Each structure stands twice: as C-alpha cells, then as structure tokens.
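The values are calculated or read from the model by the stated rules, or taken from the named source; none is laboratory data. Just so we're clear, the structure is a prediction, and the values are computed from it rather than from any experiment. We place every Cβ from the backbone using ideal geometry, glycine too, and count neighbours over all the protein chains shown. Surface accessibility is based on the protein's heavy atoms, side chains included, excluding ligands, DNA and RNA. Shrake-Rupley method; radii C 1.70, N 1.55, O 1.52, S 1.80 Å.
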Amino acid sequence: MNNRNQWLKLDLSGNVYPTLQRKSFSSVFRVSVTLKEKVDPQILQKAYEKTLPRFPSLKVALRKGLFWRYLEPNKNPVPQVERDVKNPCMPMDFKTKHRYLIRLYYYECQISFEVFHSLADGLGAVTFLKTLTAVYLRMRGVKIPDEEGILSVEEEPKREELEDSYMKYANSKVTPKRSQGSAYRVRGTKEPFYTLNIISGSMSVSDLKTASKKYGVTITEYLNAVLVYALIENQKRSKVWREKPVRIAMPVNLRQFFPSKTLRNFITMIYPGVDPRMGEYSFEEILKEIHYYMRYHINEKFLNADITTNAKTLQSPLIRIVPLCIKDIVVKQFYKHVQDCQSSAGLTNPGIIKVPAEMEPYLERFDVLMGQPFSARTNCAIVSYNGLTTINFASSIVENDIERVFFRKLVEEGVAVTIQSNRD
C-alpha cells in the first residue's frame, strides 16, 4: 500500500472538528519542547522537510465531498518555519494557499508544533515533535537512536499508524447516552478577537507525588480535584441563582486499553466532577468523588461502550445519505446545546514524556496547550518531563479567578509553583 499517496477518511473524532469551525474558533492545539540552546531556524526547516513525509496523516489537505469530508495527500512544499507569536493556537483557514493544517514555530530555545485536531490527538502530535527534535539534533551532530516513540524517518509509514482505530475496536453491545446533563458554566468578560490568555505553572513531580500520595490518589486524580475545587469556589463567589454540577471534560488515551498503533485520533471523553447541590464538599470529599469516578469509568469495557455509541451513529444508513451541509447544522447545534454544556472546564494530561537517554541532556521541558475553548471558559493541559510538571491554562476571557484559586490551592498543599504568562 502506498501510504504517501492514499486519501484518508476522517476518523470518528476528526469528523466533528471541521463542523465546529468558525472565525473565532478552530480546534487547534499545541505541543512544545524547550531546548537548552537557541534554535537554528534554518536547520529546523531542513529537519521539518525531512520529518513531515514520514507522517502522511499530517501531510494532508482537507477536502469536502457531498456527504463527508476527507483528507488527501498534500503535494505542496512543506510550510516554512515561523517565528512564534504572542497568541498561539489561532484558527486555521482550510483554504490557504498551501492548505496545510499544521504550523511549526520557534522562539529562542523553544520549538512549537500546532495541529488541527482532525489530524491527530496528543500522542500523535508528541510523536511527531519528538521525531522532529531528534532529526534536528542529529543535524547538529548528536547521535540519537529511534527509541521511546521516536520514529525512523528512513522507514515507510506503517499501515496501522493510519487506521481509524475507533471503527476497528468499537464492538460493544451497549451504547450509553451522550448527554451528562448541563454543568456550571464560567461567565467572564470576553477578550478581543484572536486573543488567548495563557497562564503556565511549573512544579516538581516529586512535590505532586507527595501531595497526591497523602490522599491515596494518582496525580491526575489529584489535579482534577484541585480544578473542581477551584470551579466550586468560583461558583460560590459568583452567587449564581441556581447551582449546577461542576464537571471536567477529560480525554482518555484509548491506546492504554486497545492494541492500537494509530497516530491519528484515538481518545474519548469522561466527565469527573461533583454536584454542589447535594451539600458542602470538603477538598477530601472532592478527591474521593473524583477517585472513585475515574476508577469506575476508566476501563476497557466502559470505554468501548462509549466509542460504540458514536461509531453506530456514524454507520447509520440514514446518516450516511444525509448531505454534509445538513450534517454540519445538526452536529453544530448538538455540540453547542448539549456537548459543550455538560462540562465546566477541560483538562488533559498526556502523562510523562520519555525520550532516549542520549537526547535528555539537550532538552529542558515539554509543554502542551489545549488552545482556544469553544465557549468562554478555561482549559487546562498538563505534561511531565524529567521530574518537571507544567500546567498550562488557556482561556479567551479576561478573568483569571479559576487559575488563581487552582495554583493557590497547590501552594497550600505544599507544592511550590513558578508562574509565567503571555500577558503583561
């Protein structure tokens, strides 16, 4: 199979993101690596040109048919590396001259890769960035093996890297409901068009381990609980007329439960949280709720049932014959009035990023940024590398009360935090 010339169907998740596209929103996220020396943009461009063809699911253009969108190989030259911008993850135009749905930036010691979510999830983007960085460092004379998720750019892409794993593994006999019910929504002052507020906190992994171990939970469960706590406090201060449940939209990497090697999307969402209408929750009680919710829901059987619901919808003969313009209207309305309303914030945690030992002396840290939220709220992205955890909040509102309470709570818990922001 000539993978470099094959057109691709959008995967189960990828079908949704183009539908939600608008001038002020595009499902773009970013992964970054900070080196210990300044980036040479000319060498980075050469590394980009050498690496991108190894990832045919990224070297594509989005096309529109009568019933579905699809991805076709992009024959245009690899885009130019650009100097970084103050407001990252800005909306992408599908009809630009080169038609790519990716961007590569540099600034001082940092390399940042942005991708439209229809092409890949966090693991796919991190795999590309690690491979690109390895190729860049090799061009600087560093010997780095193809290990720890770094792909050989001399090899042809593997068939399983391009598969739609949703359709391959979705086979549950049960299809749970889509809606979790509406949740508390943060109300804030919208920033001017094309503005993204970023607040970044960095801390020691060992501090987080100590804090989470104290309660007998994982770091992901602990940080979810801290965010839920911050949202509950914000709802109290807002003096809303009627309280609502506080829930986090959290993607789960399905590769943990299914033997998939895809570099495209393979995630599903869970919604840990608490309902303040049931009474006052202490932080310990929030932790227990989050802990048991995640232990109950994050397993192969439940997640299989969840993706089967979407897969069966997509396979419906009626849905297949509906024109794309009608599909777009229905999906957009469903997302706006149901899907987006059932969570108070988003949180993603790709976990610990590992690289070959030969590469470690040249890298400082990794960062993940979820990008512009669909509605006026904040999103949180967490990643760890070499003993350092970075937590990046991104929002399109002026107020930063959620972020302030979140980081203050961590400090109260004994976690030392260093804060940075793209705002003055």
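Can you show me the helix-derived [θ] at 222 nm for the chain, built from DSSP H runs with n ≥ 4 at -39,500 (n - 2.57) apiece and divided by the number of residues, rounded to the nearest 500.
-9500 deg cm²/dmol
Once you have the Kirkwood Rh of the chain from its Cα pairs, apply Stokes-Einstein at 25 °C and 0.890 mPa s and quote D in µm²/s.
Estimated via Stokes-Einstein, D reaches 110 µm²/s.
What lysines sit close enough to K23 to cross-link, taking a C-alpha to C-alpha distance under 19 Å and skipping anything fewer than 8 places away on the same chain?
K64, K86, K95, K97, K190, K332, K336
Going by the alpha-carbon gyration tensor, a ≥ b ≥ c the square roots of its eigenvalues, is the stretch 343-424 rounded (a/c under 1.5) or, if a/c is not under 1.5, prolate (a/b greater than b/c) versus oblate?
prolate
Where a Cα-Cα gap under 21 Å defines reach, which lysines qualify for K143, not counting those fewer than 8 residues away within the same chain?
K36, K38, K46, K50, K130, K354
Nearest 5 percent is fine: what portion of the DSSP beta bridges confined to the stretch 197-421 is antiparallel?
80
Taking a spot 7 Å from the Cα of R423 along the direction of its beta carbon, which residues of the stretch 365-400 have an amide N less than 20 Å from it?
The answer is 368-382, 391-400, whose backbone nitrogens lie closer than 20 Å to the label point.
For S212, what charge total do you get from the other residues with a beta carbon under 12 Å from its beta carbon, if Lys and Arg give +1 and Asp and Glu give -1?
0
Given an 8 Å cut-off on Cα distances and at least 6 residues of separation, report the relative contact order of the chain as a percent.
Reported relative contact order: 25 percent.
Quickly rank 93-99, 230-236, 49-55 as a protection proxy: mean count of other C-beta atoms within 10 Å, highest first.
Result, highest mean first: 230-236, 49-55, 93-99.
Setting aside same-chain residues fewer than 8 positions from K327, which aspartates and glutamates have a Cα under 17 Å from its Cα?
D11
How many percent of DSSP beta bridges within the chain run antiparallel, rounded to 5?
Rounded to the nearest five, the antiparallel share is 85 percent.
In the Gaussian network model of the chain, springs joining C-alpha atoms below 10 Å, which of R277, R408, R63 carries the largest mean-square fluctuation?
R277
Based on the Kirkwood radius over alpha-carbon pairs, what is the Stokes-Einstein translational diffusion coefficient of the stretch 8-168 at 20 °C with 1.002 mPa s viscosity, in µm²/s?
For the chosen part, D equals 131 µm²/s.
Which order, highest average first, do 387-394, 153-160, 222-229, 354-361 follow once you tally other Cβ atoms within 10 Å for each residue and take the mean per peptide?
Those peptides, ordered most packed to least, come out 222-229, 387-394, 354-361, 153-160.
Need one value: the accessible area of E284 in square angstrom, 1.4 angstrom probe, rounded to the nearest 10.
90
Can you list the equivalent-ellipsoid semi-axes of the stretch 240-378, largest first and in whole Å, using the square root of 5 times each Cα gyration tensor eigenvalue?
Semi-axes, largest first: 28, 26, 17 Å.
D207 accessible area, nearest 10 Å², 1.4 Å probe?
About 50 Å², rounded to the nearest 10.
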